[in-house]
């Protein structure tokens, strides 16, 4: 899981990616007038950068390979976190950016980048308040401390009732007047194929290539890379994070183009060593990356476990009722191929609350799950004995038999070998069941290295003049370290875009 990736290897990966197949080229090559800010990627960092730069009178061009602006917000739940907001004050919650910072460093066990985190959280409240002032409506019970990730010490976690689309509506409404006035231009279905650099390394613009075959040279005083991560690029994912991308659940345009551009200009990539998978993907097949049809996301305070989790050796690898997503995720990270199985029997199946929940493919109910077992669907296994179940699922049979016997002894006398307290039933009534669970990710951990002014930097720490980066392109590893901190991807992206447009860039 190295920190750096060579330019040659990235270019070979990107060139072989179907999602970035070359547009037909025409011979002409024309140049556009100088703009103040050229934004590569019109998502949750690029759109606010354009809005706030245009408010200062800057001339802005947004270039995006997609068919519409919004980026990953179209798929995102849009979860945000900010401390010291008007929403908190209205609910009588006392909070501070320092407390937010301390929580992130605690949850990440000191692995998050302190400079990046500080810049994000000490400016997050202004971003969140701006969204609320322009019509963002959050769920009635928000803010909360959070349950999808490790909880914060204060309720500072909130998101719109229509998930990421709630944010897109506000950004679009604020951007449109600047487009109408001619301050912002948008070029969709257009790839940036090259950064233009002066002899001293200063980035002075980009070369684009659109689906009509036009090759254009755009000159810019400042160029912002805000074109997302690489979660849809299986080869780049494996090379930067040292792991396989099992689930096909992410934005198809997240192909790593910004990483290629930054490396070509002299930048470098960091954060891949913090790779941490999410727990519990149920996939449609073992042809990876595969469609995700459901999830098992354990949260013992809401649903105490009735089942056990085992690895390929048939061994339990964590106390199933530990109330921590972080513990589950780190435990899965250590298992062969980031894979495990949840094992139970007929009595548990009949009496326990529903285990597998629907995901991006749609809802699931208990009858859907039973049908999956009866039909022999991939990842769902059923047998009349523990040994036969293990053979069908690809688990070590002797290991699983020993584990189930040990669990049943502990269940009988209330003394579980891993210290588990919730022990409602033994695993003893055939038929027996197993569901294969796989790691999955929605974001990429490695990202372009920047300084505290969001300038892309070389590995000696010097900034590349004229080139900036923001959003998921910076990588989850810089914002979260080896952890997941609620709202620490969407909010920093929005905040960094706002800061660049509002104050960090010089348009004088």
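The values are calculated or read from the model by the stated rules, or taken from the named source; none is laboratory data. The shown structure was predicted, so the numbers you read here are calculated from the model rather than taken from an experiment. For neighbour counting, all protein chains shown are included, and Cβ atoms are generated from backbone atoms with ideal geometry for every residue, glycine included.
Residues checked against (1) touching a strand residue (DSSP E or B) at 6+ places or on another chain (Cβ under 7 Å); (2) in contact (Cβ under 8 Å) with a residue 40 or more places away in the chain:
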residue	(1), (2)
98	no, no
107	no, yes
112	no, yes
128	yes, yes
131	no, yes
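Out of 461, 477, 419, 466, report the one residue that is closer than 21 Å to residue 325 by Cα and outside any helix (DSSP H, G or I). Even if it seems obvious, please write down each step before you answer.
Details: 461 fails: closer than 21 Å to residue 325 by Cα; 477 fails: outside any helix (DSSP H, G or I); 466 fails: closer than 21 Å to residue 325 by Cα.
The unique qualifying residue is 419.
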Problem set entry | Selected residue [over 26 Å from the mean Cα position of the chain (by Cα) and either part of a loop (DSSP other than H, G, I, E, B) or touching a residue at least 60 places away in the same chain (Cβ under 8 Å) (or both)] from 404, 435, 456 | 404
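Of the residues that make up the stretch 73-83, is at least one free of Cβ contacts under 8 Å to residues at least 12 places away in the same chain, more than 23 Å from residue 208 (Cβ to Cβ) and not in a loop (DSSP other than H, G, I, E, B)?
No; the residues of the stretch 73-83 include none that is free of Cβ contacts under 8 Å to residues at least 12 places away in the same chain, more than 23 Å from residue 208 (Cβ to Cβ) and not in a loop (DSSP other than H, G, I, E, B).
Just one of 318, 364, 332 is in contact with a strand residue (DSSP E or B) (Cβ under 8 Å, 6 or more places away or on another chain), crowded, with 17+ Cβ neighbours inside 10 Å, under 22 Å from residue 148 (Cβ atoms) and modelled with pLDDT under 95; which is it?
364
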Seminar exercise, completed: Among 205, 228, the single one that is outside any strand (DSSP E or B) and touching a residue at least 12 places away in the same chain (Cβ under 8 Å) is 228
Exercise. If only one of 419, 399 is surrounded by fewer than 20 Cβ atoms within 10 Å (Cβ to Cβ) and either closer than 27 Å to residue 357 by Cβ or at pLDDT below 95 (or both), which one is it?
Worked result: 419
For this session: Report yes if residue 166 is surrounded by fewer than 24 Cβ atoms within 10 Å (Cβ to Cβ) and either in a loop (DSSP other than H, G, I, E, B) or in the same structural domain as residue 45 (by TED's automatic domain parsing) (or both), otherwise no.
Result: yes
Seminar exercise, completed: Scanning the stretch 384-423 residue by residue, those touching a helix residue (DSSP H, G or I) at 6+ places or on another chain (Cβ under 8 Å) and more than 19 Å from residue 312 (Cβ to Cβ) turn out to be 416, 417, 420, 423
Problem set entry | Selection from the stretch 335-356 of residues that are farther than 16 Å from residue 400 by Cβ and either surrounded by fewer than 16 Cβ atoms within 10 Å (Cβ to Cβ) or without any contact (Cβ under 8 Å) to a residue 12 or more places away in the chain (or both) | 337, 346, 350, 351, 353, 354
